[in-house]
Amino acid sequence: MSNFYDKVGCAATADWLRSPVTLMMATLVIIYFSLLVKRFIIKTKPSPPLPGPIGLPILGHLLFIKPDFLQYVTKQSQIHGPIIKLQLGRKVYIIISSPSIAKQILKDHDAIFANRDIPVAAIKGTFGGLDIVWRSNGPELYKLRKLVVSEIMSNKSLDACYEFRRREIQHMVKNIRGKIGSPINLSEQIFLTAFNVTINMLWGGSLNGEESNLGLELKDQFKEFVKLMVKPNISDMFPMLRRFDLQGIESKAKKHISWLYGFFESVIEHRTKHGEGPKMADSKDFLQQLLELNLTGDAKTSLSMKEIKAMLLNIVTGATDTTFTTMEWAMTELLRHPDKLQRVVEELDAIIGNQNIVEESHLPRLLYLEAVVKETLRIHPPAPLLMPHMPSETTVVAGYTIPKNSNIYFNVWAIQMDAEFWEDPLQFEPERFLNAIEKRNYKGNSFNFFPFGSGRRICVGISMAEKIMMLMLATLLHCFEWKLPNGQKPDVKERLHLLLSKVEPLVVVPIARSSK
C-alpha cells in the first residue's frame, strides 16, 4: 500500500512541475528573490577606501608632512587623485582638488559639511567658538551671519562710511608723497592703511602717526596667533593629551589673544564712557550697532560681550589680512608685468582723468583693474585651502565614504591653477576675465574659482574687501609710478600660514606722476 501512495505522490508532483502556470510562478519567485539578494548585496557593499599615501600606525602621516603643506598635498593629489585622505594621529584630513566634488560637498550636502573642528589654539581665541569663523552650524551661526550681512556688510552701511575709507586712503597718499624717490616698505604701508580703513569703519578711529606702531604690533600679535592655530598640535591630534599642552601652544595662544582682546576692550570701554562715535551719513558706526545689540535683550538678535569681541576680531583681522595679502600680490604681479601695469594706468587716466582723485563711483567702470584683482585671487588665493569643513554625519561623496567629524580642506589653489579648467593657468592674464565665456565671479557660484569659499560658510566680508581693495589699488596706481630699487625683480616666494603671503615684503620706490 505504501508503494502505491509513493507512486501516486511522485506522479502528482511530476504533473505539478510540468504545469506551465506553476513553472512561470516558480520562475517569477526565483527572479524576485534574486533581485532582493542583488539589491541587498549592492546596499551593503562597502565603498572603496579613500585614496592617499600610506601612513604609519597611530601616527599616520605625521612624519611625512612637509613644511610646505600646500605643495605637499597638491603633489599627493596629483599622485592619488582629486580626493585624498591623510591621517594625523586621531584626526582624519581629506583634501579635495576637484570642482565637481567640491560642488557635491558645498552645495549638494552643504548643511552636513557646514561645521568646524575648532583647534585648541582657536578655542582660547574665540571663547570656545563664539565667532563666525569657528562656530558650528546651527541657529546661533545663522543669527551672527545674518546680523553681519544685513547690518554691518550691507550696501547701506558700507556706503555710509565711505568718507572714512576715503580719508584714510588720502592720508596714505600724503604719507607716500613725503617719501618720493626713496625705497619704502609698501607691504607695511598697505597693511596699516587697510587696518586703519577697517577700524575707521568699525568705530571711527585710526592709528596714524606714532600710534601706527600699535597697528604693526596688532599685525605681529595676530600673525603669531594664526601660526599657532595652523601649527601641528599634539593636543589636537591626540585629544587625550590636551591637558598636558606638551608644545605650549595653548598657553602661547592665550597670551597673544589676551593682547588682542585687551585692545578691543579699551576701545569698547572708551565708547561706553563717551557715548556714540562719529556719525556716518546719519548712520551709526558698526561698534555702536554691536553694543546696542548687547543691550536689546531680544534672544533673536542680542549679542553677548564675548560674541562682540570675537566678531570684532573676525572683522578686523579678516578684512585687513585678506585685503593686505591680495593687494601685495596684485602690486607684485603688476610690477612683474609692465604691459599689464600700463593698461591699468591707461584705464585709470581715461576714466578718472589727470587731475581728479579716485572715488568709489569710478570703480564699476574700472573693468581691467577688476580683472587684475580677480586674476590675483586666482593665482594667489588668500586662504588656498580655505577654512576646514567638518561633516556632522558620515556621508558618501563621489563614491567614497567621508567619515563623520573629519576635516575637509578644499585646495582652491590647485583647482584655480588646473589646465583642465584654465588656459595657460601659470600665466598672469587678467584679460581672461574680460572674455564673456570666462567672466567668472568669486561669490561661490563657480567651483572653478571660489577663493572666498562657497555655501553657507562663504566669507561674509566679500563686499567690504572688494571696496577696500579696488579703491586702494586704484589710488596707488593713479597717483604714483612704481619702480623697484636697484633694478631688482619682484620676489614671488610664498609662505602658507593659513594665508598665502609673500616671504619678503614688497619694497618699492614711489615716483610722482607729473600729471597729478
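Just so it is clear, none of the values below were taken in a lab; they were calculated from the coordinates. The structure presented is a predicted model; accordingly, all values stated were derived computationally and were not measured. Every residue, glycine among them, receives a Cβ derived from its backbone with ideal geometry; neighbour counts consider all protein chains shown.
Data overview
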item	result
Length added when fully stretched, residue 269-residue 167, from 0.36 nm per residue minus Cα-Cα	34.2 nm
Which labelled figure in (i) 1.14; (ii) 1.01; (iii) 0.96 is Rg/Rh (Cα atoms, Kirkwood Rh), once derived from the coordinates	(i)
Sequence-distant aspartates and glutamates (8 or more away, or on other chains) whose Cα lies within less than 18 Å of residue 443	108, 110, 370, 375, 466
Extension gain from residue 292 to residue 241, taking 0.36 nm per residue of separation minus the Cα-Cα distance	14.2 nm
Unsatisfied cross-links (Cα-Cα over 22 Å) in the set 309/502; 124/404; 124/306; 66/502	309/502; 124/404
Rounded FRET efficiency, nearest 0.05, which uses the C-beta distance separating residue 349 from residue 58 and R0 of 45 Å	0.10
Neighbour cut-off at most 16 other Cβ (10 Å), DSSP loop, trypsin sites (Lys or Arg not before Pro), region 333-431	404
Distance between region 289-333 and region 454-516 - C-alpha centres, whole angstrom	22 Å
Under the Karplus curve 6.51 cos²θ - 1.76 cosθ + 1.60, θ = phi - 60°, whole-Hz ³J(HN,Hα) for region 170-181, x wherever Gly or Pro sits	5, 5, 4, 4, 4, 5, 5, 4, x, 10, 4, x
Cleavage-rule hits (trypsin sites (Lys or Arg not before Pro)) in region 82-151: DSSP loop, at most 14 neighbouring Cβ within 10 angstrom	90
Computed over region 49-151: relative contact order in percent, which uses C-alpha pairs under 8 Å that are six or more apart	18 percent
Between region 403-423 and region 58-96, the Cα center-to-center distance that results, in Å	13 Å
Other-chain or far-sequence residues with amide H under 5 Å of residue 501's (modelled H)	495
Relative contact order (%) - the chain, alpha-carbon pairs under 8 angstrom, separation at least six	21 percent
Amide H within-cut-off set for residue 92, under 5 Å, with H built and near neighbours excluded	407
Helix-only [θ]222 nm of the chain, DSSP H runs n ≥ 4, -39500 (n - 2.57) each, per residue, nearest 500	-16000 deg cm²/dmol
